[in-house]
Ligand SMILES: Nc1ncnc2c1ncn2[C@@H]1O[C@H](COP(=O)(O)OP(=O)(O)OP(=O)(O)O)[C@@H](O)[C@H]1O
Ligand SMILES: [Mg+2]
């Protein structure tokens, strides 16, 4: 069974005490790598035997991991963290069931889900650092003071993306509308269409490219946000040739010292793709200068 569906099934059967213990492990993960049994005891009114019983059950369900030496301790694993987030989102009716994955990538997994109104939504679980915590940190330009566990790291990524989607939606940039967030899990409107990467032929490439560049301009002019990872992998196009820009956790503010070079890179990725795929070429430099001119962004380079 697909991992998240297994977790979604599991949480239906979790006891209140087990959820409480998962929450305690989450809270104490800032202080311990493996949380000693006594520390869990201090936070619950349960007897040591009961705690051990619940932890063993959570361990069997692969929501926590046990270490015996040098002391008996437990820690939350990703599935346990997923369970906590899904449990909260389900209790808010933001999602009531999980369906098939839309996409499984290195840094996120996106599933189809249903909300309480029976509408299909998309659920994105941030997995930053799954491949390499250090490298991810370097690439994502987090402040050096950001010394956090993978839990905080994924949560931070989801919050960043949620903030961007919220601001961009307010400014009418075409992005998936954000619906809810908990921990490292983001719920957003489901996008319809085809990934630009998979489009072989376009009737009006110029029109589509202009639309994309218009959205990029709109994002910097009104939302003050640069995407930071724009490419054919993060643009979807629907049957009416309307485009949506998605995957925003690595956005930077237009005030970021590297904002302009990041913007330039975003623009050239898209333009190079149109040249290669649709044999439609415009000058990348010109497009970049036009966008910063039209948006009123002062050129600092
Ligand atoms: N709101 C949505 N509605 C429908 N499908 C979506 C939605 N958001 C993302 N997807 C699908 O999930 C895939 C991965 O999403 P996204 O690009 O946001 O994550 P990612 O971090 O880039 O993952 P990867 O490591 O694969 O690049 C997308 O290519 C798309 O197919
Ligand atoms: Mg992506």
* **Which numbered condition residue 239 misses (of (1) surrounded by fewer than 18 Cβ atoms within 10 Å (Cβ to Cβ); (2) outside any helix (DSSP H, G or I); (3) in contact (Cβ under 8 Å) with a residue 24 or more places away in the chain; (4) away from ligand 1 (no atom under 16 Å from the Cβ))** => (4)
* Structure fact -> residue 92 vs (1) farther than 23 Å from residue 160 by Cβ; (2) out of contact with any helix residue (DSSP H, G or I) (no Cβ under 8 Å at 6 or more places or on another chain); (3) at pLDDT below 95: all pass except (1)
* Asked: Can you name the number of the only condition in (1) more than 16 Å from ligand 1 (Cβ to nearest atom); (2) more than 17 Å from residue 17 (Cα to Cα); (3) in contact with a strand residue (DSSP E or B) (Cβ under 7 Å, 6 or more places away or on another chain) that residue 89 fails?
  -> (1)
* To do: Would you mind stating whether residue 264 is part of a helix (DSSP H, G or I) and modelled with pLDDT of 95 or more?
  => yes
* Asked: Does residue 212 satisfy being assigned to a helix (DSSP H, G or I), away from ligand 2 (no atom under 16 Å from the Cβ), touching a helix residue (DSSP H, G or I) at 6+ places or on another chain (Cβ under 6 Å) and more than 27 Å from residue 92 (Cβ to Cβ)?
  -> no
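For the range 268-284, state whether one or more residues are away from ligand 1 (no atom under 16 Å from the Cβ) and crowded, with 20+ Cβ neighbours inside 10 Å.
yes
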* **Every pair of residues 6+ apart whose Cβ atoms lie under 7 Å, when the first sits in the range 275-289 and is over 20 Å from residue 261 (Cβ atoms) while the second is outside any helix (DSSP H, G or I)** => 275/281; 278/202
* Please state which of the following conditions residue 228 fails to meet, knowing it meets all the rest: (1) under 18 Å from the mean Cα position of the chain (by Cα); (2) closer than 18 Å to residue 124 by Cα; (3) not in a helix (DSSP H, G or I). => (2)
* Residue check: is residue 257 surrounded by 14 or more Cβ atoms within 10 Å (Cβ to Cβ), assigned to a loop (DSSP other than H, G, I, E, B) and either away from ligand 1 (no atom under 16 Å from the Cβ) or touching a residue at least 60 places away in the same chain (Cβ under 8 Å) (or both)? -> no
* Structure fact -> With criteria (1) assigned by TED's automatic domain parsing to the domain that holds residue 116; (2) loosely packed, with under 13 Cβ neighbours inside 10 Å, residue 201 comes up short on (1)
* Answer yes or no: is there a residue in the range 57-71 that is in contact (Cβ under 8 Å) with a residue 12 or more places away in the chain and either within 16 Å of ligand 2 (Cβ to nearest atom) or closer than 17 Å to residue 153 by Cα (or both). => no
* In the range 184-209, how many residues are touching a helix residue (DSSP H, G or I) at 6+ places or on another chain (Cβ under 7 Å) and not in a strand (DSSP E or B)? -> 6
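The values are calculated or read from the model by the stated rules, or taken from the named source; none is laboratory data. These figures come from a predicted structure and were not determined experimentally. A quick note on method: Cβ atoms are made from the backbone with ideal geometry, for glycine too, and the neighbour counts reach across all protein chains shown.
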